[in-house]
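Read the structure below first, then the notes.
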Amino acid sequence: MSEEVEKLENLAEYFRRLKSKILLLKLIKQAKQEYDKYNYKESRKSLIEAFLIDRKNPTVLRGLGCIKQFSGKWNSAIRYFNMALKYSDKKEVEYTLLGMVYYLQSNLDKALEYFNLAIEKNDNYDKAYEGRNQALLENHLKIVDIQESLKKHF
């Protein structure tokens, strides 16, 4: 009898975990749909619910970082991306997102550092190359501006 009860308890626990995973996936999908429609408030709400289910889910943490980045809350975005990095199997994504935060703040050296880390993790990750190329271009343009400015003074 106790063996049957144990089997039922194990089965019940399995279904609780499965229900939790399904809800988590539903919330992530919902957050993505809202984000794509630029409805960041609703996206954030779904991501917070998902975070309460799984605080170590890199997709949820990335999403929260993107919401913070959009809001110009750079330090919070960086914190979320670093948390996602800790739990992620696809570290090139987090490195690229971190590179983008620094790029948006015009910290091109730091941006390049993270884009290069992403490329080291996955040399087929196009978004890292795109970010790095843009940061290199911006850096080059700044150098040209400085050179032009110096020519005017001499």
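For segment 80-90, 3J(HN,Hα) computed residue by residue from phi via the Karplus equation (6.51, -1.76, 1.60; θ = phi - 60°) reads 5, 5, 5, 5, 4, 4, 4, 10, 8, 8, 10 Hz, glycine and proline entered as x.
With N set to the number of residues, divide the alpha-carbon radius of gyration of segment 20-68 by 2.2 N^0.38 Å and report two decimals.
Details: Rg = 9.4 Å, N = 49, 2.2 N^0.38 = 9.7 Å.
Compactness ratio reported: 0.97.
Would you mind classifying segment 30-109 by shape? Square roots of the alpha carbon gyration tensor eigenvalues, ordered a ≥ b ≥ c; an a/c under 1.5 is rounded, otherwise it is prolate if a/b is larger than b/c and oblate if not. In terms of gyration-tensor shape, oblate.
For the residue pairs 19/127; 29/90; 7/91, alpha carbon separations beyond 30 Å are given by 19/127; 7/91. Within straight-line reach of residue 26, meaning a Cα separation under 16 Å, sit the following lysines at least 8 residues removed in sequence or on another chain: 45. Between residue 129 and residue 7, the modelled label-to-label distance comes to 5.5 nm, taking each label 7 Å out from Cα in the direction of the beta carbon. Once the Kirkwood radius over Cα pairs is known for the chain, the Stokes-Einstein relation at 25 °C and 0.890 mPa s delivers a diffusion coefficient of 138 µm²/s. Shape class of segment 64-144 from the Cα gyration tensor (axes a ≥ b ≥ c, square roots of the eigenvalues): oblate, since a/c reaches 1.5 or more and a/b does not exceed b/c.
A short reminder: the numbers here are calculations on the coordinates, not readings from a lab. Just so you know, these numbers come straight off a predicted model, no measurement behind them. Heads up, the Cβs are rebuilt from the backbone with ideal geometry, glycines too, and the neighbour counts pull from every protein chain shown.
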